[in-house]
Amino acid sequence: AAPVDEKDPQAVALGYVADAAKADKAKYKQFVAGSHCGNCALFQGKPTDATGNCPLFAGKQVNNKGWCSAWAKKA
Ligand code: SF4
């Protein structure tokens, strides 16, 4: 599957970035240090996978190092 494009409307709406370091922390004050797709509850893949599926981006792949405002800590 293709990687999520940061300019994709859904990506823009959720503040998705392929590199969590580039997350808009001024806009998303809930940003948790160290959070990224790879340690998000919604990431469908192994923590070591470079990319994985996310139900919020059907048919696309998010970056393990990516981030979006729907991030939730993996239990
Ligand atoms: Fe990444 Fe989680 Fe956002 Fe999906 S919900 S894009 S896995 S941070």
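Which percent of the accessible heavy-atom area of the chain goes to carbon and sulfur, probe 1.4 angstrom? Answer for the chain is 60 percent, counting heavy atoms of protein chains only. Using a probe of 1.4 angstrom and keeping all protein chains present, the accessible surface of the chain works out to 60 square angstrom per residue. Remark: accessible surface ordering of 32, 17 (largest first) is 32, 17, probe radius 1.4 Å. In this structure the amide hydrogen of residue 51, modeled in the peptide plane, comes within under 5 Å of the amide hydrogens of 64, none closer than 5 places in sequence on its chain. When the Cα positions of 58, 35, 13 are compared along the charge dipole of the chain, 35 comes out farthest toward the positive end, with charges on each C-beta of Lys, Arg, Asp and Glu.
Relative contact order, whole percent, for the range 8-75 stands at 40, derived from Cα pairs under 8 Å and 6 or more residues apart.
Taking every pair of alpha-carbon atoms in the range 1-70, give the share separated by more than 19 Å as a whole percent. Considering the range 1-70, 21 percent of its Cα-Cα pairs are separated by more than 19 Å.
Remark: the chain carries a charge dipole of roughly 260 debye about the Cα centre, counting +1 on each Lys and Arg Cβ and -1 on each Asp and Glu Cβ. Here the sum of -39500 (n - 2.57) over DSSP H runs of 4 or more residues, divided by the residues of the chain, equals -2000 deg cm²/dmol at 222 nm, to the nearest 500.
Qualifying trypsin sites (Lys or Arg not before Pro) in the chain, where qualification requires a DSSP coil assignment and no more than 10 other C-beta atoms within 10 Å, comprise 7, 27, 29.
The values are calculated or read from the model by the stated rules, or taken from the named source; none is laboratory data. Note that the structure is a prediction, hence the values are computed from the model and not measured. When we count neighbours, we look across all protein chains shown, and the Cβ atoms used for this are built from the backbone with ideal geometry, even at glycine. Please note that ligands, DNA and RNA were not included when accessible areas were found on the heavy atoms of the full protein model with its side chains. Shrake-Rupley method; radii C 1.70, N 1.55, O 1.52, S 1.80 Å.
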